[in-house]
1. When all C-alpha to C-alpha distances in segment 71-174 are sorted into bins of 5 Å, what percent of pairs does each bin hold, rounded to whole numbers?
2. How many percent of DSSP beta bridges within segment 159-254 run antiparallel, rounded to 5?
3. Run the quick spin-label model on Arg149 and Asp169: label points 7 Å from Cα toward the beta carbon, then report their separation in nm to one decimal.
4. Classify segment 139-276 as rounded, prolate or oblate from the Cα gyration tensor: take a ≥ b ≥ c as the square roots of its eigenvalues, call it rounded if a/c is under 1.5, otherwise prolate when a/b beats b/c and oblate if not.
5. May I ask you to order 123-134, 103-114 by the average number of other C-beta atoms within 10 Å around their residues, highest value first?
6. As an exercise, use a Förster radius of 41 Å and the Cβ-Cβ distance of Thr275 and Glu26 to find the FRET efficiency, rounded to the nearest 0.05.
7. Highest mean first, what order results for 207-218, 263-274 on Cβ atoms within 10 Å?
8. Can you report the principal axis dimensions of segment 134-194 using only the alpha carbons, biggest first, rounded to whole angstrom?
Amino acid sequence: MSDETSADLREAVRSRYAEAARAVLEPRPGVTAQCVEISGTGSCCGGPAEDSSCGTGPATLDSADCFGGALYGEGETDGLPEEAVLASLGCGNPLAVADLHEGERVLDLGSGGGIDVLMSARRVGRSGFAYGVDMTDEMLALARANAARAGAGNVEFLKGEIEALPLPDRAVDVVISNCVINLSTDKPAVLAEMFRVLVPGGRIGITDVVAEDQLSPADRAAAGSYVGCIAGALSRAEYLNGLAAAGFADASVTFTAAAAPGMHSAIIRPAKPITT
């Protein structure tokens, strides 16, 4: 991928998520964070109106039920600010994967409106801490407002890119991410950064869109848009190989639900070896 293409895609992602934040901050009839109009295309999760990249069937402004707050279990989002739930754009529930404990430090990559950070903060308690990193000013503003509404004192939202995290080495016990790594144009850098900021023995709980191994990059591009979390997805083998190359061990990729033909929401579980 050329530097120019990478920069263009990064800006498209930034624009899409800025618009999603505005959909919550400045509500408009028929427009949600999950399905916002981009460049007048009536896009849903980043694709054209006829695109099924938000799941099976035509995408409309109110049918993005494969992404968002509805993917959390009953009662899990109780007590959170409504704006945090409305801004949820994930494809799963990374907290169900990460198994957080009291006192742990957790980092959410691409924290958006803050739903997973706020839920993490509740689970790790006052002796723990939850960080969120996002590159979009509008999402950071929304997340910080949501943290204030929730009265969460053990959270911090940092501006940064997931390919160059604004945290020191060995800063956290757990890294989570919810349908964000597929949006990066430099996934090896993301995996390396996760490894760097984790303590030895730290772990990862990721939900992401992942392709079946037989799908080529061209097949993935045909299945949906990049900002719609489809075209940029890694295959299962690519994920496993990338995690191993970054130094992780005992990695698994488990498909959970269909996101597009040959594409799935998935749970990714690797760990950083205790001795590194």
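Just so you know, all these numbers are worked out from the coordinates, no wet-lab data involved. Fair warning: this is a prediction, and the values are worked out from it, not measured in the lab. Glycine gets a Cβ as well: all are built from the backbone with ideal geometry, and neighbour counts include every protein chain shown.
1. Per 5 Å bin, starting at zero, the Cα-Cα P(r) for segment 71-174 comes out as 2, 14, 26, 27, 22, 8, 1, 0 percent.
2. 10
3. That separation, rounded to one decimal, is 4.0 nm.
4. Oblate shape, in that a/c is at least 1.5 and b/c is the bigger or equal ratio.
5. 103-114, 123-134
6. E between Thr275 and Glu26, to the nearest 0.05, is 0.20.
7. Listed from highest to lowest mean packing, they are 263-274, 207-218.
8. Computed over segment 134-194, the largest-to-smallest principal extents equal 36, 25, 17 Å.
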